[in-house]
Amino acid sequence: QNASTSTDQAEKTPVVILCIGMAGSGKTTLMQRLNSHLHSRNTPPYILNLDPAVSHMPYSANIDIRDTVDYKEVMKQYNLGPNGGILTALNLFTTKFDQVLAFVEKRAASVDYVLVDTPGQIEIFTWSASGSIITDAIASSLPTVVAYIIDTPRTTAPATFMSNMLYACSILYKTRLPFILVFNKIDVEPHDFAIEWMHDFQAYQAALDEKGRDEQGEMAYTSSLMSSMSLVLDEFYNNLRAVGVSAMTGEGMKDFFSAVEEAKKEYETDY
Ligand code: GDP
Ligand code: MG
């Protein structure tokens, strides 16, 4: 783990920001926002795109999986559907990931940030051997933080909120990397409700109760399950930081980067 041994002040150690999130949460748009923000700060990032199926990419990547594998060709050749094609493309790319990492490492001393975009469908990255191999390879080479992107307007229902948090929780425990919850699209829906629910169990409970009662006013079974689950999540919330951003307007960039710096420190003490 050469990340922790770099006490040499002359050589800087960049931090890798691994963008993970549900399809449509805004990973790619956020990558573009981070990229332009870092350019304006005169610290251009090094960028990896791991989504073989992105059709419109609003930023230019230093390393793009699409330059190595054409997932549509893969679909034809192996007679696969879109998801199979994307997963197989990622698998093929993973076999060459040592070369990719060599490129990143070569540039590491001259950048502050390495940004990584992942496939649109979250499970292709988070529940595949390739996703784990790539994550582990990156994280053992450079300090790495997971930015878990959330579609805030689509997570305002208490039950949806909980599913999303449980998913995030599973990724935290699977990767064991410093973790940032990134509530995106706050231009559409401010994330105050989420912060309140995370910090105030009773507020969440109240929101749940309101939605969880049936016509007779009885608590539905799902709600009582949810309230026990939310106790589990309490521990999870203590282990991470949460920020609100808009990839669209650029709001929240300062908070985002302070969270990254904080998360990076956690990495340095842990490893
Ligand atoms: P990905 O699948 O996670 O990479 O998501 P995309 O970056 O492709 O974004 C999905 C959709 O959400 C696109 O239509 C974006 O324009 C939109 N979007 C992303 N970020 C924001 C945001 O901060 N605010 C708003 N209003 N829309 C956003
Ligand atoms: Mg995308």
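The values are calculated or read from the model by the stated rules, or taken from the named source; none is laboratory data. Since this is a predicted model, take the numbers as computed values, not measurements. Cβ: placed from backbone, ideal geometry, glycine included. Neighbour counts: every protein chain shown.
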So, in segment 101-154, of the ones that are away from ligand 1 (no atom under 16 Å from the Cβ), part of a helix (DSSP H, G or I) and among the β-branched types (Val, Ile, Thr), which residue ends up nearest to residue 41 (Cα to Cα)? 104
Within segment 233-264, which residues are surrounded by fewer than 18 Cβ atoms within 10 Å (Cβ to Cβ) and either within 16 Å of ligand 2 (Cβ to nearest atom) or assigned to a loop (DSSP other than H, G, I, E, B) (or both)? 238, 239, 248, 249, 250, 251
Inside segment 230-262, can you point out the residues that are modelled with pLDDT under 95 and of a type in the set (Gly, Ala, Ser)? 230
Is segment 159-169 home to any residue that is of a type in the set (A, V, I, L, M, F, W, C), within 16 Å of ligand 1 (Cβ to nearest atom), touching a residue at least 60 places away in the same chain (Cβ under 8 Å) and outside any loop (DSSP other than H, G, I, E, B)? yes
Unique match (being more than 19 Å from residue 144 (Cβ to Cβ), within 16 Å of ligand 1 (Cβ to nearest atom), polar (S, T, N, Q) and surrounded by 13 or more Cβ atoms within 10 Å (Cβ to Cβ)) among 83, 49, 91: 83
Among the candidates 31, 75, 57, which residue alone is within 15 Å of ligand 2 (Cβ to nearest atom), farther than 14 Å from residue 93 by Cα and at pLDDT 95 or above? 31
Across segment 138-195, the tally of residues that are surrounded by 23 or more Cβ atoms within 10 Å (Cβ to Cβ) and basic (Lys, Arg) stands at 1
Determine the pairs where a residue that is more than 19 Å from residue 71 (Cα to Cα), located within segment 124-139, has a partner that is aliphatic (A, V, I, L, M) and in a helix (DSSP H, G or I) with Cβ atoms under 6 Å apart, the partner being 6 or more residues away or on another chain. 137/101
